[in-house]
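Student: After the structure tokens below, expect a handful of questions from me.
The values are calculated or read from the model by the stated rules, or taken from the named source; none is laboratory data. This structure is a prediction, so every number in the text was calculated from the model and none was measured. Backbone-built Cβ (ideal geometry, glycine too); neighbour counts: all protein chains shown. Surface accessibility is based on the protein's heavy atoms, side chains included, excluding ligands, DNA and RNA. Shrake-Rupley method; radii C 1.70, N 1.55, O 1.52, S 1.80 Å.
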Amino acid sequence: VKQATRVALGQLLGEAGLITEETELHYYAQDVFAQGEALAAVIRPSSRAQLAEALQLLKEAKVDVLVRGGGLSYTNGYLAQQAGAVLIDMRACNEEIDVHADDRYVIVDAGVTWAALAKALAPYKLRTPFFGPLSGLRATVGGALSQGSAFLGSAQHGSVADSVLAMEVLTVDGECLRTGSWTHGEPFFRHMGPDLSGVFVGDAGCLGIKTRVSLKLIPEPAECAYFSLECADCESMIGALTALAQNQLGSELFAFDPVLTQKRMQRASILDDAKTLGQVVMKQGVLEGLKLAVQGRNFVDVNKYSVHMSLEAGDAAGLKLKLNQVRKLALKFGKEIDGAIPRVLRTQPFTPPNSILGPLGERWVPVHGIVAHSKASAAHHALQAFFAASAKACAEHQIEIGYLYTAVGAQGFLIEPVFYWPDARGAFHERELDSVVLARLPKHAPAPKAYEAVCALKKGAAEVLRSHGACHFQLGKFYPYREGRNPAALALFDAIKKQLDPDGRLNPGALH
Ligand SMILES: Cc1cc2nc3c(=O)[nH]c(=O)nc-3n(C[C@H](O)[C@H](O)[C@H](O)COP(=O)(O)OP(=O)(O)OC[C@H]3O[C@@H](n4cnc5c(N)ncnc54)[C@H](O)[C@@H]3O)c2cc1C
């Protein structure tokens, strides 16, 4: 970036809005997993007007532009493939949360986090149907929409794509466009003719910069219950998760394999337990808190699979009915255990992202695919076979593999292998983990060969999942978008990209 552009950006954004210091740029050039090419600068606009003006300056300077929300992704989404790009940090665009309670929608700045949104909606006893990823303490609404995202509320209400109504997007040249009913009026409705909101969902920030978003609102459920099931094997877990998902009984519905359970239990240090317990006591009354304390951490057998869900209803009778249905379906597949895991998760859905390092300070990265329920078992077996064939490399580099499984609506079975391996932390980890937790974790020496082996396992696992028809969220620059795509659909996508970003300056390399 030329000196003149820097000076102009500095004048526009002030000292806090323009970052050029080496250490800071180094941090911004990393995500949870990877290191990108060097950035020329990071800008932090604090309003849409500032952002639009900055985009004009960057257009004149002809530089590549990348966008970052909370930064909590691991698929190179906001990392540069070539040195010299400018990264826009959207976190200061977080002023507006405009609740239209009577019309059941909320307009929110793209830089607002899911935790901040939930807090703002609480007094209205309203929430968005999908109400955030587990990274929602830091992850933003704009980031989730640009990646596709699922977890809180997803078994019932699907992914973030199913909760959005309309968007306001700036093109890389600074032009403002709107979607849904926002094209001609208030953003209360999504569909009138072709769905332009959908074009920008999961675009990895390569079609435009989301500035404001309108999301659906629903009443907070009056009643909530929790249910957990222990399963002897993987097939029973898949059977239970499918039956529960397809009958639309849970709000969140997820499962762990034994390795992930072991990791979670290792992580549940005395400090974390005390903190969580405090929250449970505060929110749900002393009795629930004490119950958790007495049960301690031994409520799940670490050698078994476990399924967890939260259930919601408008009244106690409705909840009882749902819970009866859940038991009727689930108990064919395993044994009921205390629902402490889904209960704790609901009590404290947004915690610091301490799990980006393993319980022994090892590195962490997941990979995933969403398959049809009928394909889940075959996809899982194929993954197990693939990992078994890589057992030598895993042993050599001490790579451990666990699994998380999540229901996304009634159609999606998300399978997420998670890798752990001893390796050095990056600047990203040093900054993002809670400092108390970080101080207690052992450090590891750099292990570039192990990192390479994990890259190969990740890539291979994604291929195995795709061979079972899988879709992916979080495409970024890791999951292939173009591969095997219908040529006419691809030509349409290319034409849209060309229209919105004729010089290909916005997030080059994304959706490859
Ligand atoms: C501990 C942990 C837990 C997680 N849990 C979940 C989970 O439960 N469910 C889930 O789906 N994912 C989860 N994730 C993955 C990830 O955090 C989420 O996908 C999250 O939505 C990313 O949001 P972000 O604001 O951090 O986006 P970033 O990482 O900053 O960016 C993601 C992508 O979006 C683009 N982008 C960001 N903001 C904008 C914008 N305003 N306009 C245009 N493009 C933009 C970026 O260019 C990038 O390509 C988790 C990750 C971690 C580390």
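Student: Please calculate how many Å² of accessible area region 354-397 carries per residue, with a 1.4 Å probe and no DNA, RNA or ligand atoms counted.
Tutor: 39 Å²
Student: Ok, one more. Angle, helix 258-267 long axis vs. longest principal axis of the chain, Cα atoms, 0 to 90°, nearest 10?
Tutor: It is inclined by approximately 80 degrees.
Student: Provide V259, V42 ordered by accessible surface of protein heavy atoms (probe 1.4 Å), highest first.
Tutor: V259, V42
Student: Ok, one more. Using unit Cβ charges (K, R positive; D, E negative) and no other charged atoms, how large, in debye to the nearest 20, is the dipole of region 1-126 about its Cα centre?
Tutor: Magnitude of the dipole: close to 120 debye.
Student: What does the accessible area of H397 come to, in Å² to the nearest 10, when a probe of 1.4 Å is used?
Tutor: Using a 1.4 Å probe on the heavy atoms, I get roughly 30 Å².
Student: To the nearest 20 Debye, how big is the dipole of the chain about its Cα centre, given +1 on the beta carbon of each Lys and Arg and -1 on that of each Asp and Glu?
Tutor: 740 debye
Student: Now for a different question. For the chain, take the alpha-carbon Rg, divide it by the Kirkwood Rh, and send me Rg/Rh.
Tutor: In the chain, Rg relative to Rh is 0.95.
Student: Could you tell me how many degrees, from 0 to 90 and to the nearest 10, lie between the Cα long axis of helix 234-246 and the main elongation axis, the longest principal axis, of the Cα atoms of the chain?
Tutor: Once rounded, one gets 70 degrees.
Student: Quick one: pull the percent of accessible area on the chain belonging to carbon and sulfur, 1.4 Å probe, ligands and nucleic acids left out.
Tutor: In the chain, the share of accessible area belonging to carbon and sulfur is 56 percent.
Student: Using only C-alpha atoms and all pairs of different ones, pull out the Kirkwood radius for region 1-109 in Å with one decimal.
Tutor: 14.8 Å
Student: Any idea what diffusion coefficient region 72-155 gets from Stokes-Einstein, in µm²/s, Kirkwood Rh on alpha carbon pairs, 10 °C, 1.306 mPa s?
Tutor: 114 µm²/s
Student: When only Cα pairs under 8 Å and 6 or more residues apart are kept, what is the percent relative contact order across region 1-115?
Tutor: 26 percent
Student: Can you tell me the length gained on complete extension of the stretch D233 to A372, counting 0.36 nm per residue apart and subtracting the Cα distance?
Tutor: Full extension from D233 to A372 adds 48.0 nm.
Student: While we're here: Which order do you get for F189, F131, F413 if you rank them by accessible area with a 1.4 Å probe, largest at the top?
Tutor: Heavy-atom accessible area, descending, gives F189, F131, F413.
Student: Now a separate question. Leaving out ligands and nucleic acids, note down the accessible area per residue over region 1-49 with a 1.4 angstrom probe, in whole Å².
Tutor: 50 Å²
Student: While we're on this one: Short version: what are the Cα gyration tensor semi-axes of region 405-478, square root of 5 times each eigenvalue, largest first, in whole Å?
Tutor: Semi-axes from the Cα gyration tensor: 29, 17, 10 Å.
Student: Here is a further query. Normalised by the number of residues in region 351-503, what is the relative contact order in percent for Cα pairs under 8 Å and 6+ residues apart?
Tutor: Here the relative contact order equals 32 percent.
Student: With every protein chain present, what is the per residue accessible area of region 62-194 (1.4 Å probe, Å²)?
Tutor: 36 Å²
Student: Continuing with this model, one more query. What's the longest uninterrupted piece of the chain once you rule out the GluC sites (Glu not before Pro) that are loop residues per DSSP with at most 15 other Cβ within 10 Å?
Tutor: For GluC sites (Glu not before Pro) (loop position, at most 15 other Cβ atoms within 10 Å), the longest site-free span of the chain is 176-482.
Student: Could you list the square roots of 5 times each eigenvalue of the Cα gyration tensor of region 30-76, that is, the equivalent ellipsoid semi-axes, sorted largest first and rounded to whole Å?
Tutor: Semi-axis lengths for region 30-76 are 23, 14, 7 Å.
Student: In the structure shown, do any of K263/K332; K59/K119; K263/K477; K125/K320; K304/K328 have a Cα-Cα gap over 30 Å, and if so which?
Tutor: In this structure, K59/K119 exceed 30 Å between Cα atoms.
Student: Sort C471, C224, C234 by heavy-atom solvent-accessible area, probe 1.4 angstrom, most to least.
Tutor: C471, C224, C234
Student: Here's something else I'd like to know. Quick one: which of 376-384, 316-324 comes out on top by average Cβ neighbours within 10 Å, and what's the full order, highest first?
Tutor: Per-residue mean Cβ counts within 10 Å order the peptides as 376-384, 316-324.
Student: What 222 nm value per residue comes from the helices of the chain, counting each DSSP H run with n ≥ 4 as -39,500 (n - 2.57) and dividing by all residues, nearest 500 deg cm²/dmol?
Tutor: When only DSSP H runs of four or more count, the value is -11500 deg cm²/dmol.
Student: Quick check: convex hull of the Cα atoms in region 468-512, volume per residue, rounded to a whole Å³?
Tutor: 79 Å³
Student: Where does helix 270-284 land angle-wise versus the long Cα axis of the chain, in degrees 0 to 90, nearest 10?
Tutor: 90 degrees
Student: Same structure, new question: Just want the answer: with Cβ charges of +1 for Lys and Arg and -1 for Asp and Glu, which residue in T171, L465, W364 is farthest toward the dipole's positive end in the chain?
Tutor: In the chain, that residue is L465.
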